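Notes follow the structure.
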Amino acid sequence: MTLQSTAPVQEATHFDRFSIPDKNGRFGPYGGSYVPETLCHPLRELTNAYEEAKQDPDFRNTLNSMLKSFAGRPTELYYAERLSKKLGGAKIYLKREDLLHTGAHKINNALGQALLAKRMGKQRIIAETGAGQHGIATASVCARFGFDCVIYMGAEDMRRQALNVFKMKLSGAEVRGVEAGSKTLKEAINEAMRDWVTNVRDSHYILGSALGAHPYPGMVRDFHRIIGEETKRQFHEKEGKLPDEMIACVGGGSNAIGFFFDFLEDLKVRLVGVEAGGKSLSEGEHAARFEGGKLGILQGCKTWILQNPDGQINQTHSVSAGLDYAAIGPEHAFYKDRGRIDYANASDDKALEAFKMLSSEEGILPALETSHGLAYAFERASELSQEQILCVNLSGRGDKDAMEAARVMGVEGLPSMSSMVHE
Ligand SMILES: *Cc1c(COP(=O)(O)O)cnc(C)c1O
């Protein structure tokens with residue numbers, strides 16, 4: 001079976017969503033800060049700066065105003081009427097994060113952290129990127145604020161995402177290729193951390209998901225909470241009630257936790273995170289951490305990780321680069337144990353079907369990451385009644401994936417990615 005929902009470990013009872021992380025960055029047994037000593041000081045400085053900024057109405061007002069004028073918030077809550085009728089079950093709503101500037105939710109976090117960096121007096125920004133979405137959001141924000149910007153990217157990812165590399169460079173970023181290991185995201189994060197240790201005086205590291213050492217998981221979540229806050233307000237306006245189920249894809253987990261956060265205490269709303277089921281659930285062929293993962297520590301954070309019995313990190317695979325990572329954000333591990341968020345996974349094939357289906361039925365091309373959430377939602381909708389409501393976070397648009405989808409679907413005659421950009 002390609003779609004699987006994991007059973008809740010214990011019944012959800014009551015939650016205080018603001019009680020985690022604690023002051024040490026712990027989400028129950030998860031999270032924390034497992035870093036070399038040289039990183040302790042910059043992480044503490046960042047934690048303090050963020051705690052201060054959070055309390056400062058000026059910071060919040062400036063961020064809100066930039067989210068509106070630069071990123072394009074609020075985003076629409078859109079009723080996918082044609083698709084809902086075709087599937088014949090629940091009403092399907094889409095939270096349109098794909099309409100944001102640079103094409104995905106990532107800009108919410110990039111803007112928040114850039115404003116924080118400015119407040120801390122930093123002049124230089126470091127970031128990592130896998131497929132390029134976080135790199136593009138960061139490069140764009142850096143151009144807007146006049147920061148120097150260095151993006152670390154695996155050499156293999158640079159080859160696969162040549163157009164995104166070009167876009168980052170257009171925005172003035174320097175893109176540094178990483179040749180170590182599998183030459184993908186994990187190695188890029190290592191390099192970015194190394195740079196940060198060396199240049200911590202003038203540099204801030206903008207981590208791209210709800211992952212890594214404290215304060216990143218909680219801070220990145222906070223910058224994405226606006227997704228769920230808007231969604232709640234919009235449901236009150238449009239339907240006069242909350243949805244029955246909310247669904248989001250989970251890479252590191254930032255779009256999902258931002259979407260879910262304001263609903264965690266609304267126990268009647270079922271929350272479902274969808275991981276990448278890849279080619280199969282055999283080792284090395286997927287990125288479903290809750291299927292094949294074990295408790296461990298990766299890049300500063302204790303959480304569920306795909307690893308072998310010796311603790312070596314497994315190869316992962318997904319048709320969507322943004323879900324292709326061996327660890328999941330610690331807050332997701334916490335809510336999985338509590339039974340508050342359910343997790344499922346969708347295969348590459350199901351995601352591609354959903355990608356085609358939303359495009360043909362609604363004229364909306366979703367990102368391949370997002371398509372995993374959609375795949376689950378489309379199957380689930382037909383199990384629910386027409387009075388019920390299901391809402392999917394449309395985390396990003398699919399323009400970036402059109403070429404890859406064409407290749408996988410066997411379309412001929414399109415130029416290859418790498419032939420489009422000349423160094
Ligand atoms: C990066 C990305 C994701 C995965 O990251 P999360 O931190 O899990 O949200 C999902 N969708 C899109 C469109 C992305 O660009």
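Things to note:
- Note on the range 330-368: residues that are under 19 Å from the mean Cα position of the chain (by Cα) and among the acidic types (Asp, Glu) total 3.
- Residue list for the range 189-215, restricted to those being of a type in the set (A, V, I, L, M) and under 17 Å from the mean Cα position of the chain (by Cα): 189, 206, 207, 210, 211, 213
- Of all residues in the range 197-220 being in a helix (DSSP H, G or I) and under 23 Å from residue 321 (Cβ atoms), the one that is nearest to the ligand (Cβ to nearest atom): 220
- Of the criteria (1) more than 13 Å from the ligand (Cβ to nearest atom); (2) under 16 Å from residue 285 (Cα atoms); (3) among the polar types (S, T, N, Q), which one residue 360 fails: (2)
- Counting only helices (runs of 4 or more DSSP H) that sit completely within the range 242-351, those holding 3 or more residues that are modelled with pLDDT of 95 or more, away from the ligand (no atom under 13 Å from the Cβ) and not hydroxyl-bearing (Ser, Thr, Tyr) correspond to 330-337.
- Any chance residue 63 is within 16 Å of the ligand (Cβ to nearest atom), of a type outside the set (Asp, Glu) and touching a residue at least 24 places away in the same chain (Cβ under 8 Å): no
- Within the range 195-212, the set of residues being surrounded by fewer than 24 Cβ atoms within 10 Å (Cβ to Cβ) and either polar (S, T, N, Q) or outside the structural domain of residue 51 (by TED's automatic domain parsing) (or both) comprises 198, 199, 203.
- Some residue of the range 75-88 being modelled with pLDDT of 95 or more, under 20 Å from the mean Cα position of the chain (by Cα), away from the ligand (no atom under 16 Å from the Cβ) and of a type in the set (A, V, I, L, M, F, W, C): yes
- Checking the range 365-381 against the condition returns no match, with no residue being of a type in the set (A, V, I, L, M, F, W, C) and without any contact (Cβ under 8 Å) to a residue 12 or more places away in the chain.
- With respect to the stated conditions, residue 156 is more than 16 Å from the ligand (Cβ to nearest atom) and touching a residue at least 12 places away in the same chain (Cβ under 8 Å).
- Test result for residue 186, of a type in the set (D, E, K, R) and either within 13 Å of the ligand (Cβ to nearest atom) or more than 17 Å from the chain's Cα centre (by Cα) (or both): no
- Any hit, the range 181-194, residues being out of contact with any strand residue (DSSP E or B) (no Cβ under 6 Å at 6 or more places or on another chain), without any contact (Cβ under 8 Å) to a residue 40 or more places away in the chain, closer than 23 Å to residue 404 by Cβ and acidic (Asp, Glu): no
- Residues of the range 352-364 classified as free of Cβ contacts under 8 Å to residues at least 60 places away in the same chain and in a helix (DSSP H, G or I), total: 7
- Residue within the range 262-277 that is closer than 29 Å to residue 50 by Cα, within 14 Å of the chain's Cα centre (by Cα) and β-branched (Val, Ile, Thr) present: no
- Residue among 313, 328 that is in contact with a Lys or Arg (Cβ under 6 Å, 6 or more places away or on another chain) and touching a residue at least 60 places away in the same chain (Cβ under 8 Å): 328
- Within the range 180-192, none of the residues are touching a Ser or Thr at 6+ places or on another chain (Cβ under 9 Å), surrounded by fewer than 20 Cβ atoms within 10 Å (Cβ to Cβ) and not in a loop (DSSP other than H, G, I, E, B).
- Residues in the range 222-263 that are touching a Gly at 6+ places or on another chain (Cβ under 9 Å) and aromatic (Phe, Trp, Tyr) were compared, and the one that is surrounded by the fewest Cβ atoms within 10 Å (Cβ to Cβ) is 261.
The values are calculated or read from the model by the stated rules, or taken from the named source; none is laboratory data. Predicted model, so just to flag it, every value in this text is computed and none were measured. Heads up, the Cβs are rebuilt from the backbone with ideal geometry, glycines too, and the neighbour counts pull from every protein chain shown.
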